[in-house]
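Right, one structure below, let's go through it.
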Amino acid sequence: MRNKVIIIGCGRLGANIAALASEKGQNVLVIDRNRNAFDRLPESFSGYTVNGDATDLSLLEEAYVKTAKEVVIATGDDNVNLFLAHVASVIYEIPNIYVRLDDPERGVLLKGLKIKAIYPFELSLNKFNLMKGENI
Amino acid sequence: MKIVIANGKHEADFVINMFKDQTKDLIVINSDKNFADYIVKNNKVAVFVGEPYKRFVLEDSGVRDADIFIALGEKDTDNYATCMLAKKEFNVKKCICTVTNPKNVDIFKRLGIDSVISSTYLLANSIKSASSLEDVIQTLSIEEDKIVLTEIVINPTYRIANQKIMDINFPQNATISCIYREPHVIIPNGSTIIKPKDKLVVISTPDEQEKVVKFIQTTNKK
């Protein structure tokens, strides 16, 4: 049964998404290659943490990737994020895939796949334009 | 033939040196400015400095429609992103990607990269074939591992020694393509007798290889 929410990359974004999902009672598992990254998770976090490199598929399999209903990919490296998004989609066919890409141009490689991308750059630009529109 | 060589250090230097006289259309991209200078000096070719997984770098260096694109970078995922971009957006015909983690060979291929090379993977495979086949046997894979050639020396204790090929019931999907018997090469037929010290060159599918070797190496029970 697919019931897990897997978060790859426990940075500010990953940790907050993990905390929120855990609060809502989801079955959460966070992966990061740096053990200290898990310090960002709140005391109340009740999910699992896995320390290791998610680009190694044996680690993903140990982390029950096959039972994931949702994966959030937010490591600090766009190419790692892109690769993991492709793996999640093509190899493990996870129904809901979210990926953060700092470089919006990298997004062309998501064409034709059921992957939802988050571009912080576009969000900032939109916000700026919005604020400027309001203030001037 | 248009060839692109993206990133890499001494392996890139070697490959560039190999191809620079064979093709007029060699594009070299390297993200390390210092190493790019070294390549320019050493090989007298132009080097485009930039990260090859970035769209504008591939655009500006003119890799569109290249015949072969080789990614030699240090990080597997960088090479992956580079090759996918080259293939999907720049219509590159064949991408070759090197990886350090041998597990990535199969995954990258499944995700759409034509050819993935890992030195550890190659090493492991050659150890595997060397060890399972003992020191008397050599193997060679052709047609992307769909066919294997196995070279095997006949020991006098083998059951098939001194027998006619037609009498030994040789496994299917495998053929003795030739027999090397000092100093002659024999193209065998059914009535050829296999003699001790013959070197058999057997052609088979990889799946059959182990069976064939076992079959040949079966010894006489005495």
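The values are calculated or read from the model by the stated rules, or taken from the named source; none is laboratory data. Just so it is clear, the model here is predicted, and its values are computed rather than measured. FYI the Cβ positions are ideal-geometry reconstructions off the backbone, even for glycines, and counts take in every protein chain you see. In case anyone asks, the SASA skips ligands and DNA or RNA and just uses the protein heavy atoms, side chains included. Shrake-Rupley method; radii C 1.70, N 1.55, O 1.52, S 1.80 Å.
Points worth noting:
- Pairs with Cβ under 7 Å, 6+ apart, first in segment B:97-108 and more than 9 Å from every other protein chain (Cβ to nearest Cβ) and assigned to a helix (DSSP H, G or I), second of a type in the set (Gly, Ala, Ser) and open to solvent by less than 10 Å² (accessible area, probe 1.4 Å): B:Val105/B:Ser118
- Looking at A:Tyr98, A:Tyr48, just one residue is among the aromatic types (Phe, Trp, Tyr), open to solvent by 40 Å² or more (accessible area, probe 1.4 Å) and out of contact with any Leu (no Cβ under 9 Å at 6 or more places or on another chain), and that residue is A:Tyr98.
- Filter result for A:Arg35 (surrounded by fewer than 21 Cβ atoms within 10 Å (Cβ to Cβ), under 13 Å from the mean Cα position of the chain (by Cα) and not polar (S, T, N, Q)): no
To keep it simple, each residue is scored yes or no on (1) in contact with a Lys or Arg (Cβ under 7 Å, 6 or more places away or on another chain); (2) more than 11 Å from chain B (Cβ to nearest Cβ).
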| site | (1), (2) |
| --- | --- |
| A:Ala68 | yes, yes |
| A:Val72 | no, yes |
| A:Thr75 | no, no |
| A:Ser89 | yes, no |
| A:Glu93 | no, yes |
| A:Ile97 | yes, yes |
| A:Pro104 | no, no |
| A:Ile118 | yes, yes |
| A:Ser124 | no, yes |
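- When residues of segment B:47-84 are limited to those that are out of contact with any helix residue (DSSP H, G or I) (no Cβ under 7 Å at 6 or more places or on another chain) and small (Gly, Ala, Ser), the one least open to solvent (accessible area, probe 1.4 Å): B:Ala66
Per-residue answers, yes or no, for (1) in contact (Cβ under 8 Å) with a residue 24 or more places away in the chain; (2) assigned to a helix (DSSP H, G or I):
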{"site": "A:Leu60", "(1), (2)": "yes, yes"}
{"site": "A:His86", "(1), (2)": "yes, yes"}
{"site": "A:Val90", "(1), (2)": "no, yes"}
{"site": "A:Val99", "(1), (2)": "yes, no"}
{"site": "A:Asp102", "(1), (2)": "yes, no"}
{"site": "A:Val108", "(1), (2)": "no, yes"}
{"site": "A:Gly112", "(1), (2)": "no, no"}
{"site": "A:Glu122", "(1), (2)": "no, yes"}
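- Qualifying residue in segment B:2-20 (condition: open to solvent by 70 Å² or more (accessible area, probe 1.4 Å), within 14 Å of chain A (Cβ to nearest Cβ), at negative phi and free of Cβ contacts under 8 Å to residues at least 60 places away in the same chain): no
- Helices (runs of 4 or more DSSP H) enclosed by segment B:30-93 - at least 2 residues per element that are closer than 20 Å to B:Ile117 by Cβ: B:76-90
- Sole exception among (1) of a type outside the set (D, E, K, R); (2) outside any helix (DSSP H, G or I); (3) at the interface with chain B (Cβ under 9 Å from one of its Cβ atoms) for A:Leu82, by number: (2)
- Pairs with Cβ under 7 Å, 6+ apart, first in segment B:146-173 and more than 15 Å from B:Val202 (Cβ to Cβ), second open to solvent by 20 Å² or more (accessible area, probe 1.4 Å) and not in a loop (DSSP other than H, G, I, E, B): B:Thr157/B:Thr219; B:Arg159/B:Thr219; B:Asn162/B:Ile193; B:Gln163/B:Ile193; B:Lys164/B:Ile193
- Check on B:Ile117, under 19 Å from the mean Cα position of the chain (by Cα) and at the interface with another protein chain (Cβ under 9 Å from one of its Cβ atoms): no
- Considering segment B:143-222, the qualifying strands (runs of 3 or more DSSP E), each wholly inside and each with 1 or more residues that are touching a helix residue (DSSP H, G or I) at 6+ places or on another chain (Cβ under 7 Å) and either open to solvent by 90 Å² or more (accessible area, probe 1.4 Å) or within 28 Å of B:Ser126 (Cβ to Cβ) (or both), run over B:147-153, B:174-181, B:199-204.
- Flag for B:Val47 being modelled with pLDDT of 90 or more and more than 14 Å from every other protein chain (Cβ to nearest Cβ): yes
- Residue tally, condition loosely packed, with under 14 Cβ neighbours inside 10 Å and in contact with a Cys (Cβ under 8 Å, 6 or more places away or on another chain), over segment A:9-32: 0
- Taking (1) open to solvent by 20 Å² or more (accessible area, probe 1.4 Å); (2) modelled with pLDDT of 95 or more in turn, A:Ile6 satisfies each apart from (1).
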